[in-house]
Structure formats: C-alpha cells, structure tokens
Amino acid sequence: MKMRDFFDKHGDKIMEMVEKRIDRVKKSMKGGDKKYLTELNMLERIYATLESGKSARTMEFSKEEQDILKEIALLTIKPVIYAANVSEDDFVNGIENNEFIKEVEAFAKEEGSEVLPICAKIEEDITEFDEDEKMEFLNDLGIEESGLERLIKKSYSLLGLISYLTAGKPEVRAWTIVKGTKAPQAAGKIHTDFEKGFIRAEVVAYDDLMACGTYAAAREKGLVRLEGKEYVMNDGDIVLFRFNV
C-alpha cells in the first residue's frame with residue numbers, strides 16, 4: 001500500500017474525531033467562556049491541514065497549543081519512524097538505489113518523519129545466533145548494528161531522549177530521561193527523595209569507565225567528576241547521586 005493510500009484510508013476517521021472535538025469546544029463557548037478560543041482556532045487549523053491530505057505533525061504549534069495537544073489523542077501529531085523492509089541484496093549493496101525507499105523518504109520528509117531501512121530476513125537470521133556469532137554475521141555483511149539496535153537509537157533521537165546508568169551491588173540499571181535534563185531532576189527519576197535532597201552527582205562517562213576497566217581506576221585518572229545542580233546529563237553518564245533528606 002502506498003503512503004498516500006494509507007492516509008486516504010484512515011484520514012476520514014481522524015478528521016471525524018477532530019470535527020467532534022470542534023463541536024464540543026463550540027458548545028462550551030456558547031456560555032461566553034473565551035478560554036476555549038485558542039483550542040478552537042488550533043483545531044480548525046488541524047482540520048484544514050488534514051483535509052488537504054497532510055498530517056498534523058507537519059504543523060507548528062505555540063507553547064499554549066502544545067499544552068492543549070497533550071490532552072488530545074491525535075494520532076497524526078505523534079512522531080513517526082517508517083521501517084522500510086528491503087531484500088538482503090538491496091540492504092547490503094544498494095539501499096540508495098531502491099525506488100520504493102526513495103518514495104517513502106520523500107513522503108517522510110514532507111512531515112518531518114524518519115525512515116529506517118531494515119531487512120526482516122537478516123533480523124530473523126540473527127535471532128538464532130549467540131552474541132559473538134551475531135556480530136561475526138553482521139560484520140561479514142558490512143553492517144555494524146542490528147536493525148533493532150538502530151531502531152532504538154533512532155527512536156531515542158526522534159523523541160529527544162537519552163539514558164544514564166546507575167551501578168551498585170543489587171543491579172546495573174539504565175534510566176531514560178529527556179535530553180537537557182539537569183542532575184537533580186534525573187535523580188528524581190529514581191526517587192523523589194533523591195531530587196528533594198540532592199547534594200551532588202559523581203559522574204563518569206561510559207566510554208571512560210570501559211577504557212579504565214574499573215571505577216577506582218577511572219577515579220585515579222581524574223575521570224570521575226563531581227557535578228552540582230546545574231549539571232546537564234549526557235547520554236551514557238554513569239552516576240552516583242549523593243543526597244540528604
């Protein structure tokens with residue numbers, strides 16, 4: 001099914017939902033309450049965009065409108081990655097020459113979406129291998145990462161997310177946060193007490209720790225840093241939070 005055909009098939013239902021929301025907002029305004037005016041104007045803009053055959057993610061919204069959108073389950077506003085399945089030969093030897101990939105990329109570009117070429121046959125094959133065999137198989141094909149790994153990274157990038165790590169005797173765990181989050185708020189992802197009583201964060205980059213081998217060795221080389229409340233977390237930070245409640 002072509003991308004335009006997909007929107008044509010489901011677009012009417014989406015527009016019907018927006019139209020019903022417009023009717024509800026107009027009824028709320030009959031009592032003289034003007035607080036719904038921003039929402040009404042936004043919904044009418046969305047309806048016009050959908051009517052033209054475009055998704056709502058092609059539009060720009062003010063901060064106030066973005067807050068309103070959080071309360072509306074509008075599918076076409078969500079960020080999208082199109083996973084384009086291709087043959088093993090195309091994937092390894094010439095994705096850029098695949099006309100279907102070009103068609104999906106052109107459609108995605110119009111709405112600010114992402115495209116991930118992927119070979120389902122390769123993904124199926126590597127599920128039967130252990131980690132060493134998988135890496136050897138991918139290397140033989142000239143591929144650095146599996147499709148799943150690339151999908152996770154692209155999803156994080158599209159959503160503006162990063163991960164930091166905590167390590168202790170019970171477990172090593174990754175915590176997902178929004179890019180730009182400061183240390184106290186990142187600590188709050190673990191427990192609200194961590195954020196309330198935040199003192200400082202002891203931070204070492206993942207690559208530095210792997211190169212040193214141990215936390216103690218990283219500390220001896222001065223790679224473990226003490227960061228305060230204004231520190232902005234980086235992807236791959238390994239952190240020990242100090243707090244007092």
Any chance Lys169 is touching a Pro at 6+ places or on another chain (Cβ under 7 Å) and either open to solvent by less than 80 Å² (accessible area, probe 1.4 Å) or assigned to a loop (DSSP other than H, G, I, E, B) (or both):
no
Sole miss for Phe100 among (1) hydrophobic (A, V, I, L, M, F, W, C); (2) part of a helix (DSSP H, G or I); (3) open to solvent by less than 50 Å² (accessible area, probe 1.4 Å) is condition (3)
Would you mind finding the one in Ala216, Ala187 that is at pLDDT 95 or above and of a type outside the set (Asp, Glu)?
Ala187
Test: Glu39 is open to solvent by 50 Å² or more (accessible area, probe 1.4 Å) and part of a helix (DSSP H, G or I):
no
Take the conditions modelled with pLDDT of 90 or more, surrounded by 14 or more Cβ atoms within 10 Å (Cβ to Cβ) and under 29 Å from Met233 (Cβ atoms) and apply them to Thr176. Does it pass?
no
From Ile122, Ile143, Ile72, grab the single residue that is part of a helix (DSSP H, G or I) and in contact with a helix residue (DSSP H, G or I) (Cβ under 8 Å, 6 or more places away or on another chain).
Ile122
Scope the stretch 228-245; condition open to solvent by 80 Å² or more (accessible area, probe 1.4 Å) and assigned to a strand (DSSP E or B); matching residues
Arg242, Phe243
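The values are calculated or read from the model by the stated rules, or taken from the named source; none is laboratory data. All of these numbers come straight from a predicted model, not from anything done at the bench. As a convention, Cβ positions derive from the backbone with ideal geometry for all residues, glycine included, and neighbour counts pool all protein chains shown. Each accessible area value is taken on the protein alone, full model and side chains, heavy atoms only, with ligands, DNA and RNA left out. Shrake-Rupley method; radii C 1.70, N 1.55, O 1.52, S 1.80 Å.
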